[in-house]
Amino acid sequence: MSNSRLLIVTHHAPDLDAIASTWILKKFHAQKFADAHIGFVNPGDKITLEEAEIYGCQLHEITYVDTGGGEFDHHQPGRAMERVCATSLVFDHVCEVHPEKKDDEALKSIVEMANSVDHFEEVYWPESESERYLFMLHEIVRGHEFTDPHNDDSQMHFGFQCLDNIYATLTQYHKAKEVVETKGEELELKKGKALLVETRNDDTIKVAQKMGYVLVARKDPKLGHIRIKVRPDADITLHALNDKILEVDKKGTWFFHGSGKMLLNGSHKNNNQRPSPLNIQQIRIILEELYG
């Protein structure tokens with residue numbers, strides 16, 4: 001049987017659950033579903049033989065997600081009250097085929113969010129009425145129905161692109177947490193704890209700040225760049241550090257942010273910055289001297 005004849009069917013106006021469950025099948029069960037077509041029906045319905053033949057497949061070559069009452073649907077009486085959704089059911093199946101996916105923290109985060117949203121658990125989120133939640137993926141997908149109505153295929157593939165991006169970001173985030181916990185060096189300053197780390201993962205800076213570090217210094221071991229940032233609410237500015245680094249580093253290109261909270265040597269936004277010859281231990285000594 002050719003993979004190109006397989007068909008995944010979900011409901012019209014696909015929501016996050018329909019999109020994420022389809023995305024997981026195509027991305028993480030790719031040997032079977034990568035080239036599968038996608039069809040749409042009314043919620044709860046199944047596709048007819050005549051409709052299936054348009055896609056060049058038979059009824060037994062169809063996989064339903066979030067509709068049809070099958071393995072990857074959760075609207076049946078026996079499942080409707082369980083905390084499951086099409087995405088979680090598909091994920092469980094994929095983990096049976098690919099057991100290593102049980103440890104994919106980024107994928108698990110996506111599954112958990114899809115499940116939470118599908119059960120309208122937003123009502124339990126802090127400040128649940130805040131409009132900031134309208135910037136989240138499931139609301140952006142819903143907005144697609146207003147800007148490009150009746151186009152199920154474009155809505156599905158818009159969701160795919162978003163999930164690809166979110167998966168990449170989550171992967172970096174979970175790696176950053178691991179780096180902070182295993183490779184970071186703590187430094188006690190007068191105003192709180194700082195973290196120094198050598199890693200290519202720039203997300204470690206935000207992650208560490210969210211964990212409570214008042215200052216984070218990261219050295220990229222490959223490119224040589226150094227980035228130093230202070231939490232916005234910390235009673236520290238980097239004016240003294242900027243003066244000292246300009247005194248000792250005559251080779252690196254540094255940018256000092258007007259807020260006094262960021263001192264950067266290297267940025268994706270500037271392709272012409274020269275890396276600093278300073279190492280992370282030299283930065284540590286300077287920080288101890290100025291802020292310790």
#### Entry: Among (1) crowded, with 17+ Cβ neighbours inside 10 Å; (2) assigned by TED's automatic domain parsing to the domain that holds residue 251; (3) not aromatic (Phe, Trp, Tyr), the one test that residue 141 misses
(2)
### Query
So, in region 1-42, of the ones that are over 30 Å from residue 121 (Cα atoms) and touching a strand residue (DSSP E or B) at 6+ places or on another chain (Cβ under 6 Å), which residue ends up surrounded by the fewest Cβ atoms within 10 Å (Cβ to Cβ)?
37
### Query
Residues 171, 204, 199: which one is assigned by TED's automatic domain parsing to the domain that holds residue 28, in contact (Cβ under 8 Å) with a residue 12 or more places away in the chain, under 27 Å from the mean Cα position of the chain (by Cα) and surrounded by 13 or more Cβ atoms within 10 Å (Cβ to Cβ)?
171
#### Entry: Selection from region 122-142 of residues that are in contact with a helix residue (DSSP H, G or I) (Cβ under 8 Å, 6 or more places away or on another chain) and over 29 Å from residue 157 (Cβ atoms)
128
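What are the residues in region 1-54 that are of a type in the set (Phe, Trp, Tyr) and either in contact with a Ser or Thr (Cβ under 9 Å, 6 or more places away or on another chain) or not assigned by TED's automatic domain parsing to the domain that holds residue 150 (or both), if any?
Result: 23, 33, 40.
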### Task
State whether one or more residues within region 124-143 are of a type in the set (Lys, Arg) and more than 17 Å from residue 25 (Cα to Cα).
yes
### Message
Here are the criteria: (1) hydroxyl-bearing (Ser, Thr, Tyr); (2) touching a helix residue (DSSP H, G or I) at 6+ places or on another chain (Cβ under 8 Å); (3) more than 26 Å from residue 166 (Cα to Cα). Tell me which single one residue 204 does not satisfy.
### Response
(3)
### Message
Six or more apart or on different chains, Cβ atoms under 9 Å: show the pairs whose first residue is in region 273-285 and over 20 Å from residue 240 (Cβ atoms) and free of Cβ contacts under 8 Å to residues at least 40 places away in the same chain and whose second is β-branched (Val, Ile, Thr) and in a loop (DSSP other than H, G, I, E, B).
### Response
274/253
### Residue in region 72-86 that is modelled with the highest pLDDT, counting only those that are in contact with a strand residue (DSSP E or B) (Cβ under 8 Å, 6 or more places away or on another chain) and of a type outside the set (Phe, Trp, Tyr)
86
### Only one of 67, 87, 48 that is of a type outside the set (A, V, I, L, M) and under 20 Å from residue 166 (Cβ atoms)
87
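Listed here are the residues, each with its yes/no results for (1) without any contact (Cβ under 8 Å) to a residue 60 or more places away in the chain; (2) out of contact with any Pro (no Cβ under 8 Å at 6 or more places or on another chain); (3) not basic (Lys, Arg).
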{"residue": "92", "(1), (2), (3)": "yes, yes, yes"}
{"residue": "102", "(1), (2), (3)": "yes, yes, no"}
{"residue": "107", "(1), (2), (3)": "no, yes, yes"}
{"residue": "114", "(1), (2), (3)": "no, yes, yes"}
{"residue": "133", "(1), (2), (3)": "yes, yes, yes"}
{"residue": "148", "(1), (2), (3)": "yes, yes, yes"}
{"residue": "154", "(1), (2), (3)": "yes, yes, yes"}
{"residue": "159", "(1), (2), (3)": "no, no, yes"}
{"residue": "165", "(1), (2), (3)": "yes, yes, yes"}
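The values are calculated or read from the model by the stated rules, or taken from the named source; none is laboratory data. The shown structure was predicted, so the numbers you read here are calculated from the model rather than taken from an experiment. Cβ: placed from backbone, ideal geometry, glycine included. Neighbour counts: every protein chain shown.
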